[in-house]
Structures are given as structure tokens and as C-alpha cells.
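The values are calculated or read from the model by the stated rules, or taken from the named source; none is laboratory data. No experiment lies behind these values; they were computed from the predicted model shown. As a convention, Cβ positions derive from the backbone with ideal geometry for all residues, glycine included, and neighbour counts pool all protein chains shown.
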């Protein structure tokens, strides 16, 4: 028994585990720098955020041990149960939840808070993997496609209703999973077109967007002689494009809240009124400007651990959670920040590589889900901190302060590590 | 494609992030400096500026605290503008203007909003300062002049300008820097070094503690005290004598080159250039282009020196072996070249030897001597060069190298100067005889003349005149303690000195003798012209006098220059004699002479060219008599520009 356990241990993918440990460890150092008040007395000072986070990290290892010691098949078999429990937890928020910053996404248990949406991600990934790997599911039929989408839409909708738009966007990452599992190429084209059309409609208005769409569709019609759509189809596509643009425009003008409008307006540089721009710089853009300045001031090698003047002065709000990367930028400079980017890339690519090597479809779909979720968080968070995409408040996996987030990502990742270790037993 | 879409996207996003990081942190980044870091507040601690004492240890310049209201525009919150303006005694328009100016300079950096509050305003404001976010009070130190004299020497402090800040980053906006006088020339010594504290701010601009336990902070280094060579009593007396006149007095101790007095008239009270009124007062003084109180006539007034220059020609003649003291020259009321009269002369007995030539200031004697010098060599150009080198060895014709920030070169023409004017070798000694009597192309400043007589009194050497006597914990520059030799041998000086002595004994200054002091002097009268409505018009002559005393081992050498004072012994001679007596004896026995100077004014004379009417000059004028000018009491600060109440309105 003993030797078998040991033998099993070696089948875990140590590259993934080492990358995970590096990210969590480095993240903790940055949380310490970003959150400490006064001198560091003890690393486990529970009155300070870094002390609490150290405890979260400690508990993570308990969690990992539990996850890895459970039989791999458990996750496949109980995925529906896990999913249902997670959804109930989300629904329960409407009754027992606690408002934090306008979002009703927390359970308060004593002084602790738990954010179920962080746990809903792996639950959704498991459920989706289970559904898609089911022998009775045929992803080429619209009916089953819609069912799969339904699995994703349910938690996304619940989270959106709790006023946590940022976390909702993460569920779009499952698009990559569908695509990998054989979604028709046309969906990719539609997805890309939709993004391009939305940006064009907001930046240049509906008229110019319509003209551009018409030109593209015409040229497609003339140059793709063999597989071209008929004139009627082309006109319909154009009409869809134009109404989509108009829809985006209306969505922006009437559905989005003012702060969301401003974030997009800042990103696309839509605001022309200098007075309003000046005001926005003090409000919506304040975080962004501060974090860009902090990162920029780091230079090539950074100011050194615990030496960042902007970090010490807490110039960037939420610098220990969503904006933790600004601390990395200031104190570790270009070299340190690039290493963090590379570590994330390495982790995601490693998970992708392992996913591709899975024999069971369940493990592969789940692995793809893990990679896609990590990727979405990484892209949106760092892109936001550096001003490349509009502000969306989601954490940087393994880095940002917070127990729920850390545990959510740990469970997500280590279920896959467990599934992967079991692949030789698959047939 | 299906298998690699996500992989590709991950790689593209990663590369995009790394290039964005490169752009932000390496490409766009400016060199990091603690001074530029907006997360760090810099607080300056201004050191005490060095005190200034006179040669006898009398305190002339001390410091007084002053309070500047500073602004950091970005941190300004909405405030009760009306109350704030009332406290600062400014109007709302001023407030808006000042706010804009500060914001244009920098929204983040502090700049002075209202500089130099009075103690009373400060006391009232300090109570209420917490109500006005974005403003704070910076304590600085201002000059406190313990005297009303010597404005031209002591100079003043003013706010440093942008150009200086760019060149010398030590200074920040609102810092004070020496603008004139010793404040400017000894700025580095007097100012010390300001201390700096780096303080970590948070995003609400609150201080959260010293940056890195203050390891980069520095303590202020106090400025050094200095002692200057001016004798405050003598300076004060000189300024009293100069009241209602324009001109300069320079007194030097020949044994070491120390400037004992440097008087310029008209002058002003140095306290006028302290505090909030500085700019207004300075413009008022500076823009007075008629009496020019900010123009130091002792250092900057460059004129033909007139007769005092004759003694230089006598010395050069002796050195070049073209005359002996005994050679006699006949004077027929002028110097004749053939039948042409090149220069006139006044009535005196003839013929004259050197002694009488100097004592009677005979023009013919010196033109003869001068022509012999120039014509000794094979062409006039070479002769002029030899002559000019001798004259320049007395410190004439170039900057003397003293330690005050203003001056003029004067002019000693040489051969090439005339080659340029007349064409190569197309001139001879007869063209330029005016130089023989200190007219023509020769020009000098009063300090150069004082230095020249100091060299004669020393029989052949001088020390570069200087104003610095001692620097706390330091030595004065060695160039002020180095003896400078003239090109004239020592033995040639005695007959010339004797001649200058006889100026007082039986010559042009016989009426100015001071009992008990052997003074050697030389009178001078210089013609001068100005343009009125582009017509060259002659004005009353300048009165010039140079002297040293006692005759052997002189203690004081002096040059006095009074604009439009007519002949040399009339104003300048009297003032020089009084100054010498004051310095050597400490009190005045020739009270008749003092009374005359203090009851006669030249203000009417100065008003003439601006009257728009034709006027008379020299012998045809009558001198203006006024009530005796009283010496100002020490504690009685006269904040007005020193002028005569009778001064005509222009």
C-alpha cells in the first residue's frame, strides 16, 4: 500500500505543481509589500492581510492533499452533484448574501467571507466536461449545443444578477472549449466579427460600421467565387451586422451603467469633452493612471522588494487584490513582471499540453476549461492593470489577495492534476 | 487549427503584455530620481544665511524670519476664497491669476503663492491655515540690514529665476539668491546648503513617515559669516558727503588692497529691497534712468580721467628715460606744434619742471613728455604699445579682478587701436596728444584711479582691490594677497610723489590742506557731453580728485568723482580731503570744508539738460545752496530713495 502511494505520487505533473508554487509564493511576497501597515513583525500576523493570506496558502495545501487523495473517477461521477451544489450556493446569495461594493456575491460567516462564484467556475467546468463527454451527447446538433451553453449560462446569469459583471465575462472562456471539441468554424468567424463590429460601432458609429461591413461582404462575394454566399444571403448577413452594431450601440447607451460606459469610453478614447475627460481622470481612470505610473516607475529592474514608493504609499487602490500586478511592476521592474507573464504563459501552455494528451474526453474537456479560465483571468487582469483593455474587476489567479479566489483556482487546477495523474488507468 | 487556437492566443497575449511592459518600463521611462518621485514629499530646511560684518566687526547684515504661503495646485480643495483673499490681502483677480500661474508651472510641485508675509499677517493666517487644503506656509529667512548705507556693496536677495534653476538644480522655485553686491559674489559662501527631508506620502497626500527611515535626508549646513573690508563709519560719511551729488568715492588701503569705502550717489536704503515690496521698489530704482541709483558709479562710471592721469605720463617718461625731473618746459598758455596750438593751458608761472608741472597741472609739460615717449621708438605704433603696457601695469584699461559683480574695463589705447581708427601708420604723436592730459581716448573708472594712486603711494606695486576681509573658517582667495608690480622702477616715484605732495602745498589743492596729515593728490577736470534731442551738448565739467595719505607708508588711497562738479578741487578735492581726515584722524577739523560740501547741491545742475531750455555751464553757473544735510541716525531707517526735496520735477 505504502509503495503504491509513493508510486502514484510520481505520476503527478510536477511542472504544473512547481509553476503553481512559484506563482503563489511570489504572489504572497507582493501581497506583503502591497498590504503591510508599519513594520513586518511576523509573517503570520493575523491582523494584516499578508498574514491572513499566509494562512490561506497553508490551508491550500490541506485542500490539495484532499483533492489528490480522492479517487479520480469521483470527479466525473459527482460532477452533476458538485454543479448543483455550486448553483444552489449562488442562488442562496439572493437570500443570505452580503453586499460588498454593490455586489451581492459574498456569504458572511463570522468575520470570514466566502465568494461562491469563485467555486462555481470549476463546478461548471466539471459539469460541462461531463456533459460533453457523455456518449449520448452529439455536439453537432443544435439541441445539445444549446444544452451545453445552458450549463454555462446558468451560473453566468446568476452572477450577473448579483451585480458582478466581471466574473460573468469569465464564462465566455468556455468558447475555447467548444471550439476545441468541434464547434463549426463559422462560430469562430461570428465571434471575431462580433468583437470587431462592436468596437467599430462604438468608436466610429453605426454608419461607418455599416459601410465597412458592406465593403467586406462585397469583396468576399467577388473574391470567393467557389464557396460564396448568394446575394440574398449576403444582404441578410449585412442586415444582421448592421442591426448587431445598432444593438451594441443601444446596449452601450441604455443598458450599461455610467461607470461601465466610462470604462469603455476611456479605453476607446471616445470622450472628446476635455472637462469631462479631466473629471474622468480623477474618477474612473484614477486607478488606471496610478497603476500605469507605478508600473512605469519600476523601470528595468524595479525599485526592489518592499521599496516601491507608490506601493508603500498605497497610491493604487486595491493594489493587493485586482491591481497586485502594479506592485510587481513597480518593485520588480520589467524583468520581474516579464517573468510573471512568462510563468503564467508556461502554466497555461502546460495545462493545454496535458489536456491534449488525455485519453478520456472528460479529462481533456476539463483540462481545456482550466486552461481557458486561467487564460481569461490572466488576460483581462493584466491587460486591465496595464491599460490595454477596459477596467474589469477580476482577480489575478494565485496572486491576488483573497481566500475564495486562491482556493477556487487551486481546486480548479488540482482536480486536473489528479485527472491527469490517472490517465494511464484510462482506456 | 482547433488544437492550437488557444495556444496561439496565449502566446500572442503574452508577447503583447511583455511588449507593453517594455514600452511602459523601459521605453517611456525617464531616469528615476527621488526628487522627481511624486510619491515622495520633499521638505526643505533652509539654513541660516551668513552674517556680514564690517572691518571693525560691526554687524551690517543679519537675518529675519519670513513666511511664504505655498501652493500645490493639485491638492487645492474648494475653499472660502473671499476669506482667504482677505487674510492674504489680495484681490480675487490676483487669486485667480496666481493660481493659474502656479498650475502652469506644475500642478504637483509646490510654488510660492504669496511670498514673504509680515509677522503679523502670518500670526493671523497660521490659525486658519488648516481650512485651506493645498496651501501651506514655508518659513524662510530674509535679510535684515542693520544699516541704511552701502546698498551698492551689500547688494540684495531676490527670488531665483527659471533660467538659474535650470542651470543650477540646487535652487527651487521661490528660493532666494544673491542678486547684487556681495550677496551675489559670495552667494556660495553665504547661503550654506539647504537640508532636505524625504517623506513618504500616501495617495491622499498624507505623510506616512520618513522615506527609508530618513537615510537620504540631509541636515542644513549654515552659511558662513563674512567680514568685509568696508569701514562702516567711513562709508556712512562718504554717503553723507555725496548727498545731492552724483558720483563715486573709492577708498583703498594701499598696503593690502582692501576697499575701505565704496560710495555711489545717489544711493538708497538696502532695506527697500527686502520683503514683498522688493520687486516694486527694485523696478522703481532700476527704471530711474536719470539718476540711476542702481548704477554703481564707483565701479561702473567710465570717463576720461583728466589730469590725475598726468602723473602716469610723468612716471612713464622717467622710466623710458626721455625726461629727467629737472628738465623744464616752457608753457605759453598751451602746447604749440609749429604755430598750431594743440592744447590750451591755464595761467601759471613758466617754464615748469616736473614738480611744478604736476603741482600746477601744466598741459604743455605733459604733452611734451608724452610726445617724447611715443616718438622715442621708430614708429608711433610701437611707442604707443610701450606706453600702453606701462599704463596697464597700474591696473588701467582692463577689469581689475575685484570681487564685486559689476565693473567696466576702462580704456588704454595702444598702437593697433589708432591703426584701426586712422589706418596703418597714418597717424603720429601729434594726433593723440589728448592722452597726455587724461582726455581723448583714455578712460578709467573711479576704482581704477584709486588703485592707480595706491600703486603710486606704494611706489610701484598694488594689491588687487577687494571687498572680502575674512570668511568664517576659510581664507580669502590668494589673488587678493599677491603683490602686483608695475613696470616703473621704484626710484622714479619719489619726484612724482613730491609733485603730488606739492599739489597740496602750493598747487591746485592748496586750499584743501588738512593740518597734521601729509596728503599727496592730484586734481582733475573732465569735459563731458551728452546728446539732447540729438544735438551734442557740453555740460559742466566733472570734478575729479585722487589722493593718498600719508605721503610715506600711505594708509589710504582715494579717488573721488563728482558729475558736473566743475573743477577738481571744488567738490571732489574737498570730499577726498575730508574722507582722508575722517579715516586717519577719526574726526573732522576742517569743519568749514564739511559745511561747504553739505550746504551745496548739484541737483539744479543735473536738472538742466532735462529742462528743455538753453542753459549755461561751468564758470557761468551759480551753485545751489541748501540747508545743511544731516547725518541719518543709526536707528532711523529712511525708506525713501535718498534725494533732495528741492529736486525739480522732471
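Does residue B:128 count as part of a helix (DSSP H, G or I) and either under 25 Å from residue A:278 (Cα atoms) or modelled with pLDDT of 85 or more (or both)?
no
Check whether at least one residue in the range B:99-107 is within 14 Å of chain A (Cβ to nearest Cβ), on the phi < 0 side of the Ramachandran plot and not in a helix (DSSP H, G or I), and report yes or no.
Within the range B:99-107, one or more residues are within 14 Å of chain A (Cβ to nearest Cβ), on the phi < 0 side of the Ramachandran plot and not in a helix (DSSP H, G or I).
Taking the stated definitions as given, is residue A:389 within 12 Å of chain B (Cβ to nearest Cβ), surrounded by fewer than 24 Cβ atoms within 10 Å (Cβ to Cβ), under 30 Å from residue A:124 (Cβ atoms) and in contact with a helix residue (DSSP H, G or I) (Cβ under 6 Å, 6 or more places away or on another chain)?
Taking the combined requirement at face value, the residue satisfies it.
Which of the following residues is over 28 Å from residue B:610 (Cα atoms), under 24 Å from the mean Cα position of the chain (by Cα) and surrounded by fewer than 23 Cβ atoms within 10 Å (Cβ to Cβ): B:551, B:555?
Among B:551, B:555, only B:555 is over 28 Å from residue B:610 (Cα atoms), under 24 Å from the mean Cα position of the chain (by Cα) and surrounded by fewer than 23 Cβ atoms within 10 Å (Cβ to Cβ).
Would you mind listing the strands (runs of 3 or more DSSP E) fully within the range A:94-189 where at least 2 residues are within 14 Å of chain B (Cβ to nearest Cβ)?
none
Could you tell me whether the range A:1-15 includes any residue that is part of a helix (DSSP H, G or I) and within 28 Å of residue A:393 (Cβ to Cβ)?
For the range A:1-15, residues part of a helix (DSSP H, G or I) and within 28 Å of residue A:393 (Cβ to Cβ): absent.
Quick check, is residue A:208 more than 30 Å from residue A:365 (Cβ to Cβ), modelled with pLDDT under 90, part of a helix (DSSP H, G or I) and away from every other protein chain (no Cβ under 14 Å)?
For residue A:208, the condition - more than 30 Å from residue A:365 (Cβ to Cβ), modelled with pLDDT under 90, part of a helix (DSSP H, G or I) and away from every other protein chain (no Cβ under 14 Å) - is not met.
Can you say whether residue B:63 is more than 9 Å from every other protein chain (Cβ to nearest Cβ), part of a strand (DSSP E or B) and either more than 30 Å from residue B:156 (Cβ to Cβ) or touching a residue at least 60 places away in the same chain (Cβ under 8 Å) (or both), as far as the supplied structure shows?
Considered against the rule, which asks whether it is more than 9 Å from every other protein chain (Cβ to nearest Cβ), part of a strand (DSSP E or B) and either more than 30 Å from residue B:156 (Cβ to Cβ) or touching a residue at least 60 places away in the same chain (Cβ under 8 Å) (or both), residue B:63 comes out as yes.
Identify the residue in the range B:204-237 that is at the interface with another protein chain (Cβ under 10 Å from one of its Cβ atoms) and closer than 17 Å to residue A:306 by Cα and, among all such residues, is surrounded by the fewest Cβ atoms within 10 Å (Cβ to Cβ).
B:209
Name the one entry in A:313, A:308 that is out of contact with any helix residue (DSSP H, G or I) (no Cβ under 6 Å at 6 or more places or on another chain), under 30 Å from residue A:339 (Cβ atoms) and either within 14 Å of chain B (Cβ to nearest Cβ) or at pLDDT below 85 (or both).
Going through A:313, A:308 in turn, the sole match is A:313.
Just the residues that are away from chain B (no Cβ under 11 Å) and either part of a helix (DSSP H, G or I) or without any contact (Cβ under 8 Å) to a residue 60 or more places away in the chain (or both), please, taken from the range A:279-304.
Matches in the range A:279-304: A:279, A:280, A:281, A:283, A:285, A:288, A:289.
Would a scan of the range A:126-136 turn up a residue that is in contact with a helix residue (DSSP H, G or I) (Cβ under 6 Å, 6 or more places away or on another chain), over 30 Å from residue A:183 (Cα atoms) and surrounded by fewer than 22 Cβ atoms within 10 Å (Cβ to Cβ)?
no
Among what's in the range B:16-56 and is surrounded by fewer than 16 Cβ atoms within 10 Å (Cβ to Cβ) and within 30 Å of residue B:145 (Cα to Cα), pick the residue that is nearest to the other protein chains (Cβ to nearest Cβ).
B:43
Can you pull out every residue in the range B:332-356 that is closer than 29 Å to residue B:389 by Cβ and touching a strand residue (DSSP E or B) at 6+ places or on another chain (Cβ under 7 Å)?
B:335, B:342, B:343, B:345, B:352
Collect the residues in the range B:168-195 that are crowded, with 17+ Cβ neighbours inside 10 Å and part of a strand (DSSP E or B), keeping them in residue-number order.
Those that are crowded, with 17+ Cβ neighbours inside 10 Å and part of a strand (DSSP E or B): B:176, B:177, B:178.
For every residue, the table says whether it meets (1) assigned to a strand (DSSP E or B); (2) under 30 Å from residue B:184 (Cα atoms); (3) within 36 Å of the chain's Cα centre (by Cα).
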residue: B:318; (1), (2), (3): no, no, yes
residue: B:321; (1), (2), (3): no, no, no
residue: B:342; (1), (2), (3): yes, no, no
residue: B:347; (1), (2), (3): no, no, no
residue: B:396; (1), (2), (3): no, yes, yes
residue: B:403; (1), (2), (3): no, yes, yes
residue: B:421; (1), (2), (3): no, no, yes
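Report, by residue number, each residue of the range A:316-328 that is within 11 Å of another protein chain (Cβ to nearest Cβ) and surrounded by fewer than 24 Cβ atoms within 10 Å (Cβ to Cβ).
Passing the criteria: only A:317.
Of the residues that sit in the range A:269-302 and are surrounded by 13 or more Cβ atoms within 10 Å (Cβ to Cβ) and farther than 23 Å from residue A:333 by Cα, which one is nearest to the chain's Cα centre (by Cα)?
Only one residue tops the list, namely A:284.
Yes/no matrix, rows are residues, columns are (1) within 26 Å of the chain's Cα centre (by Cα); (2) at pLDDT 85 or above; (3) within 19 Å of residue A:207 (Cβ to Cβ):
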position	(1), (2), (3)
A:227	no, no, no
A:235	no, yes, yes
A:251	yes, yes, yes
A:256	yes, yes, no
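Considering only residues that are closer than 12 Å to residue A:16 by Cβ and surrounded by fewer than 20 Cβ atoms within 10 Å (Cβ to Cβ), which ones fall in the range A:329-378?
Residues satisfying the conditions are A:343, A:346, A:349, A:350, A:353.
Any chance the range B:233-247 includes a residue that's part of a strand (DSSP E or B) and touching a strand residue (DSSP E or B) at 6+ places or on another chain (Cβ under 8 Å)?
Yes: the range B:233-247 contains one or more residues that are part of a strand (DSSP E or B) and touching a strand residue (DSSP E or B) at 6+ places or on another chain (Cβ under 8 Å).
Can you confirm whether residue B:91 is at pLDDT 85 or above and either crowded, with 19+ Cβ neighbours inside 10 Å or more than 28 Å from residue B:163 (Cβ to Cβ) (or both)?
In short, yes.
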